[in-house]
1. Would you pick out the residues in segment 19-50 that are hydrophobic (A, V, I, L, M, F, W, C) and either modelled with pLDDT under 90 or in contact with a strand residue (DSSP E or B) (Cβ under 6 Å, 6 or more places away or on another chain) (or both)?
2. Determine if segment 51-68 includes at least one residue that is touching a helix residue (DSSP H, G or I) at 6+ places or on another chain (Cβ under 9 Å), at pLDDT below 90 and not acidic (Asp, Glu).
Amino acid sequence: MNDNVVNFNKVRKSKARHQKVLKAAENRVKFGRRKSDKEKTAELTRKLQTRLDGHKLDSKKSEAPPQTQDTSNTDD
């Protein structure tokens, strides 16, 4: 007979445990930072955003001024 009997319940539970380990590692990276690290990241993000905003083109200056329609009729 076949010596490779597989218990699907054990395989399913083993896979679920492995997924939990991967999720825990992901959460440690995402949420497991010290307060000083979070502050440094926030400060760096703020500086980079300020620099990026400083390099943006002002869309109001590049647009032509709105033209007003002359409603007076001079052809009378």
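The values are calculated or read from the model by the stated rules, or taken from the named source; none is laboratory data. Small disclaimer: the values here were computed from a predicted structure and weren't measured. Heads up, the Cβs are rebuilt from the backbone with ideal geometry, glycines too, and the neighbour counts pull from every protein chain shown.
1. Taking segment 19-50 as the starting set, the residues that turn out to be hydrophobic (A, V, I, L, M, F, W, C) are 21-22, 24-25, 29, 31, 42, 44, 48.
The answer is VAL29, PHE31.
2. Going through segment 51-68, the residues touching a helix residue (DSSP H, G or I) at 6+ places or on another chain (Cβ under 9 Å) turn out to be none.
Scanning segment 51-68, I find no residue that is touching a helix residue (DSSP H, G or I) at 6+ places or on another chain (Cβ under 9 Å), at pLDDT below 90 and not acidic (Asp, Glu), so the answer is no.
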